[in-house]
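No lab work stands behind these numbers, since they all come straight from the coordinates. Just so it is clear, the model here is predicted, and its values are computed rather than measured. Cβ coordinates were reconstructed from backbone atoms using ideal geometry, including for glycine residues, and neighbour counts include every protein chain displayed.
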Amino acid sequence: MMLFHQRHRFAVTLLLLSGLLPLGPAEAAPPKQPAFKLRLLKKADLPKLQSFFAQVSARDRYQRYMGHVNKLPGCDSSMASKSKGEVAIVAVDPKTSAIIGMARSYAVDRNQRAEFSLLVRSDQQRRGIGRGLMTSIIDHNRQKGLKSLWGMVLRSNLGMLKMAGQYGFKREAGEDFSTCNVSLDLR
Ligand SMILES: CC(C)(COP(=O)(O)OP(=O)(O)OC[C@H]1O[C@@H](n2cnc3c(N)ncnc32)[C@H](O)[C@@H]1OP(=O)(O)O)[C@@H](O)C(=O)NCCC(=O)NCCS
């Protein structure tokens, strides 16, 4: 009899440890916080943007700006101007409120097309932030009635080209041998 109790207690301990027996409500895990939040860029964000840029590797800067850039360029530090059909969306770490990614687009060709750019902090890549920003910038431009979205991408930027392909962007020849254009019909 004693042996049975001992064995039973041992079996229950094993089941609890292996997660096969449910824990009581007080011990349930807290709900998971999303890894990032998306919102529009605000005027007060400039210091956060500079800190974001400082944590982007030279390689990622080169892929974004297609040149060696040491300072946050004016095009990315300015507020988006609604009159120019611009939008700037940032991905924010919900715990620290640090900016960890940014997408921008601005309308060209009399509001027919919008050009987009994406940048995710180097240590935060491959966590779905680029996809979140891309989806958001596509939705925004579709809602505004633009016909297409396009971007210039280095031919060597295989990550961006793969993601563009997953969204259905078509690849076209670029201005020179090192770049290509990707475009998505929004209609
Ligand atoms: C391109 C970039 C925005 C992707 O951001 P990210 O947050 O890493 O992207 P995600 O984690 O959402 O990944 C989305 C998809 O992109 C593709 N991808 C992204 N990085 C990749 C890599 N290094 N290698 C292969 N595929 C990659 C994958 O298909 C991935 O989907 P999967 O993880 O299900 O396979 C980011 O790498 C970046 O900021 N690069 C530097 C700037 C740049 O190149 N901008 C684009 C020109 S404007």
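Peptides 165-177, 56-68 ranked from most to least packed by the mean count of surrounding Cβ atoms within 10 Å: 56-68, 165-177.
For each pair in Lys42/Lys71; Lys42/Lys170; Lys82/Lys170; Lys48/Lys144, compute the distance between the two Cα atoms and list the pairs where it is over 23 Å.
The answer is Lys42/Lys170; Lys82/Lys170; Lys48/Lys144.
Across the stretch 32-185, Cα pairs under 8 Å and at least six residues apart give a relative contact order of 19 percent.
Look at the Cα gyration tensor of the stretch 32-185: its axes a ≥ b ≥ c give a/c under 1.5, and that counts as rounded. For the stretch 110-152, backbone nitrogen atoms closer than 19 Å to the point 7 Å from Ala35 Cα along Cα-to-C-beta are found at 118-137. Working ranking of peptides 73-81, 155-163 by packing, defined as the average number of other Cβ atoms within 10 Å per residue, highest first, is 155-163, 73-81. Computed from backbone phi, the HN-Hα couplings of the stretch 146-152 come to 6, 7, 8, 10, 9, x, 9 Hz, rounded to whole numbers (Karplus: 6.51 cos²θ - 1.76 cosθ + 1.60, θ = phi - 60°; Gly and Pro given as x).
Is the shape of the stretch 92-181 best called rounded, prolate or oblate, per the rule: a/c under 1.5 gives rounded, else a/b larger than b/c gives prolate, else oblate, with a ≥ b ≥ c the square roots of the Cα gyration tensor eigenvalues?
oblate
The 3J(HN,Hα) values that the Karplus relation (6.51, -1.76, 1.60; θ = phi - 60°) gives for the stretch 58-64 are, in residue order, 4, 5, 5, 4, 4, 5, 6 Hz. Gly and Pro appear as x.
In plain terms, the chain from Ser156 to Ser81 could stretch by 23.9 nm, reckoned as 0.36 nm per residue minus the Cα-Cα distance. Once the C-beta distance of Gln143 and Ala44 is scaled by a Förster radius of 22 Å, the resulting FRET efficiency is 0.30 to the nearest 0.05.
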